[in-house]
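**Q** Sharing a structure here in structure tokens format.
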Amino acid sequence: MAKLHEKLASQIPALREEVRALVKEHGTKVISEVTVAQAFGGMRGVKGMICDTSVVDADTGLVIRNIPIGKLANRLPEEIFYLLVTGELPDAEALADLQGDLRKRAEVPAYVWAVLKAMPEDSHPMTMFNTAILVMERDSVFRRRYAEGMRKEEYWEAALEDSLQLIAKLPAVAAGIYRLHTKKGEPLPSNPKLDWGADYAQMLGIPDPSGEFANLMRLYLTLHSDHEGGNVSAFTCHTVGSALSDPYYAVSAGMNGLAGPLHGLANQECLHFVLDLRKKYNGVPTDEQLRQYAWDTLKGGHVIPGYGHAVLRITDPRYTAFHDFGGRVCASDEVFRIVDAIFRIVPGVLREQGKAKDPWPNVDAISGSLLYHFGLTTFDYYTVLFGVSRALGMCAQLVINRALGTAITRPKSVSTEWIKSNVNTERRAA
Ligand code: HAX
């Protein structure tokens with residue numbers, strides 16, 4: 001099978017032609033309408049952009065290139081990146097080539113560590129992560145080649161080059177941030193014999209005699225890699241990239257969205273929720289205690305972290321994949337048992353309250369409990385792990401968009417006055 005670059009080069013002409021023909025033949029067909037509620041409500045459900053890397057359906061959850069995420073749980077994150085970009089899983093040769101390429105690019109420039117070490121000690125790990133990505137922008141091939149007059153047909157190659165540089169370095173950057181933030185010591189060197197996920201695991205410096213922590217990291221990095229195009233981080237990355245800002249700028253912007261409590265920070269919030277429960281009830285609460293706690297949370301005006309989703313209307317299949325892992329590796333762990341108990345009770349409470357459209361758990365409801373089991377107990381670091389993984393999807397989407405010559409994002413905003421006068425016109429007409 002062809003190496004990643006060659007594979008893409010062979011696919012792109014047909015992809016461009018397909019899009020050109022679709023727009024030419026069907027450009028005026030209507031695929032979505034927008035209600036007043038959607039305009040005020042985060043554009044939820046409005047179909048207004050294209051993303052081919054993955055699809056999230058309310059009833060199936062994440063499907064990457066026609067493969068449900070549950071069927072990809074045993075794949076390496078590098079395989080997922082190849083799949084996201086090309087639509088096919090790599091064979092052994094193409095995978096080995098990609099892994100070799102990433103290894104060659106893995107060394108983190110010394111200036112990154114100097115910048116990170118100069119940051120205030122109480123900087124949030126996501127701020128450190130974003131800063132590291134942004135400071136590496138000085139090495140962007142996309143920006144340099146654009147300034148030199150790069151042709152539009154070549155944008156994707158420069159975007160891929162920056163993406164591979166970034167993806168190769170992120171595990172070392174992120175692991176180093178963990179060690180600096182937690183004062184565990186200097187960043188640990190990459191081990192070129194290991195795959196991307198296992199190398200990240202060993203650079204964190206967490207003891208792993210069973211090898212299961214490396215397995216968890218591979219799983220984590222695979223499950224979080226992409227979630228179609230409209231979520232806050234992907235959409236932000238897409239928008240910034242559409243201005244032909246290079247992938248360092250675009251991915252860093254996406255990560256700033258991931259840092260929000262309703263998005264990537266939710267995994268941190270979830271574990272707080274679980275541990276608060278454990279503290280309050282001195283162990284695994286009874287179902288009745290849990291029901292009361294959930295109601296108190298809602299009545300206090302707070303959301304139950306890890307539950308609900310903007311798109312999903314089922315238990316997130318990524319939750320299920322993590323649950324399978326936890327059931328095999330740490331079924332008797334108290335924190336894992338509390339996560340299980342929450343799953344028994346909270347959907348019923350949310351349904352009874354009747355506000356959340358999706359009463360089921362999303363991926364964040366469980367991921368933290370598994371990290372915690374292995375001793376990764378620095379909650380505010382969890383979103384960085386998420387970010388390392390999601391960089392795969394953001395970069396894949398950027399490469400495809402530059403290949404297709406996707407236009408600059410520029411939806412039309414309207415004022416509240418405009419809405420009022422249009423609604424009133426309709427009422428008068430009716
Ligand atoms: N607990 C309490 N109330 C909830 C809720 C929850 N878990 N989920 C939704 N609701 C509420 C909303 O706050 C909203 O209330 P208001 O009408 O008072 O504003 C109402 O139910 C309707 O919301 P919705 O349409 O069902 O959900 P949204 O699309 O607006 O929001 C969220 C989706 C994920 C942000 C939401 O479900 C939530 O806040 N969940 C908890 C936080 C969380 O788990 N976030 C991680 C999501 C996965 C992710 O992106 N990870 O990166």
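**Q** So which residues in the range 4-47 are closer than 30 Å to GLU161 by Cβ and exposed (fewer than 12 other Cβ atoms within 10 Å of the Cβ)?
**A** Quick first cut of the range 4-47, residues closer than 30 Å to GLU161 by Cβ only: 4-23.
Result: SER10, PRO13, ALA14, GLU17, GLU18, ALA21, VAL23.
**Q** Anything in the range 40-74 that is within 12 Å of the ligand (Cβ to nearest atom) and farther than 30 Å from LYS420 by Cβ? List them, or say none.
**A** VAL56, ALA58, GLY61, LEU62
**Q** Taking into account only those residues within the range 289-311 that are of a type in the set (Gly, Ala, Ser) and surrounded by 13 or more Cβ atoms within 10 Å (Cβ to Cβ), which is farthest from the chain's Cα centre (by Cα)?
**A** ALA294
**Q** Determine which member of the set ASP199, ASP208, ASP246, ASP226 is of a type in the set (Asp, Glu), modelled with pLDDT of 95 or more and within 16 Å of the ligand (Cβ to nearest atom).
**A** ASP226
**Q** Return the residues of the range 33-82 that are acidic (Asp, Glu) and closer than 23 Å to ILE400 by Cβ; say none if nothing qualifies.
**A** ASP52, ASP57, GLU78, GLU79
**Q** Here is a further query. Would you mind telling me which numbered condition in (1) more than 9 Å from the ligand (Cβ to nearest atom); (2) of a type in the set (S, T, N, Q); (3) crowded, with 22+ Cβ neighbours inside 10 Å THR286 fails?
**A** THR286 satisfies every listed condition except (3).
**Q** Limited to the range 119-134, what total is found for residues that are surrounded by 18 or more Cβ atoms within 10 Å (Cβ to Cβ) and of a type in the set (A, V, I, L, M)?
**A** Selection size over the range 119-134: 4.
**Q** It is to be established whether one or more residues within the range 15-29 are free of Cβ contacts under 8 Å to residues at least 40 places away in the same chain and within 20 Å of the chain's Cα centre (by Cα).
**A** No, because not a single residue in the range 15-29 is free of Cβ contacts under 8 Å to residues at least 40 places away in the same chain and within 20 Å of the chain's Cα centre (by Cα).
**Q** For the range 323-430, which helices (runs of 4 or more DSSP H) that fit wholly inside it have 1 or more residues that are without any contact (Cβ under 8 Å) to a residue 40 or more places away in the chain and under 28 Å from SER225 (Cβ atoms)?
**A** In the range 323-430, the matching helices (runs of 4 or more DSSP H) lie at 334-353.
**Q** Then there's this: Scan the range 94-108 residue by residue and report those that are in contact (Cβ under 8 Å) with a residue 40 or more places away in the chain and not charged (D, E, K, R). Can you show your working first?
**A** Looking only at the range 94-108, we keep the residues that are in contact (Cβ under 8 Å) with a residue 40 or more places away in the chain, and these are 94, 97-99, 101-108.
Answer for the range 94-108, where residues must be in contact (Cβ under 8 Å) with a residue 40 or more places away in the chain and not charged (D, E, K, R): ALA94, LEU98, GLN99, LEU102, ALA106, VAL108.
**Q** Could you look through the range 361-382, keep only residues that are β-branched (Val, Ile, Thr) and surrounded by fewer than 22 Cβ atoms within 10 Å (Cβ to Cβ), and pick out the one that is farthest from PRO285 (Cα to Cα)?
**A** THR378
Okay, residues lined up against (1) crowded, with 24+ Cβ neighbours inside 10 Å; (2) within 9 Å of the ligand (Cβ to nearest atom); (3) at pLDDT below 95:
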{"position": "ARG351", "(1), (2), (3)": "no, no, no"}
{"position": "ALA356", "(1), (2), (3)": "no, yes, no"}
{"position": "PRO359", "(1), (2), (3)": "no, yes, no"}
{"position": "ALA391", "(1), (2), (3)": "yes, no, no"}
{"position": "CYS395", "(1), (2), (3)": "yes, no, no"}
{"position": "VAL399", "(1), (2), (3)": "yes, no, no"}
{"position": "THR406", "(1), (2), (3)": "no, no, no"}
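**Q** Limited to the range 232-249, what total is found for residues that are surrounded by fewer than 23 Cβ atoms within 10 Å (Cβ to Cβ) and under 14 Å from the mean Cα position of the chain (by Cα)?
**A** 3
**Q** To continue, here is another question. Within the range 162-181, identify whether any single residue is over 22 Å from LEU221 (Cβ atoms) and not acidic (Asp, Glu), and answer yes or no.
**A** no
**Q** Of all residues in the range 289-322, which are in a loop (DSSP other than H, G, I, E, B), within 13 Å of the ligand (Cβ to nearest atom) and touching a residue at least 60 places away in the same chain (Cβ under 8 Å)?
**A** Within the range 289-322, PRO305, GLY306, ALA310, VAL311, LEU312, ARG313, ASP316 qualify.
**Q** Considering every residue within the range 144-167, establish whether at least one is in contact with a Ser or Thr (Cβ under 9 Å, 6 or more places away or on another chain), of a type in the set (Lys, Arg) and touching a residue at least 40 places away in the same chain (Cβ under 8 Å).
**A** No, the conditions are met nowhere in the range 144-167.
**Q** Considering only residues that are farther than 17 Å from VAL388 by Cα and surrounded by 14 or more Cβ atoms within 10 Å (Cβ to Cβ), which ones fall in the range 99-112?
**A** Matches in the range 99-112: ASP101, PRO109.
**Q** Okay, moving on. Could you look through the range 190-210, keep only residues that are of a type in the set (A, V, I, L, M, F, W, C) and in a loop (DSSP other than H, G, I, E, B), and pick out the one that is farthest from GLY70 (Cα to Cα)?
**A** Of everything passing the filter in the range 190-210, ILE206 is farthest from GLY70 (Cα to Cα).
**Q** What tally of residues in the range 262-283 results from selecting those that are more than 26 Å from SER233 (Cβ to Cβ) and either of a type in the set (Asp, Glu) or within 9 Å of the ligand (Cβ to nearest atom) (or both)?
**A** 1
**Q** Please work out if ILE314 is within 24 Å of the chain's Cα centre (by Cα), surrounded by fewer than 18 Cβ atoms within 10 Å (Cβ to Cβ) and under 30 Å from SER389 (Cα atoms).
**A** Yes: the conditions hold for ILE314.
The values are calculated or read from the model by the stated rules, or taken from the named source; none is laboratory data. Everything numeric here is computed off the predicted structure, so don't read it as measured data. Neighbour counts run over all protein chains shown; Cβ positions are idealised from the backbone, glycine included.
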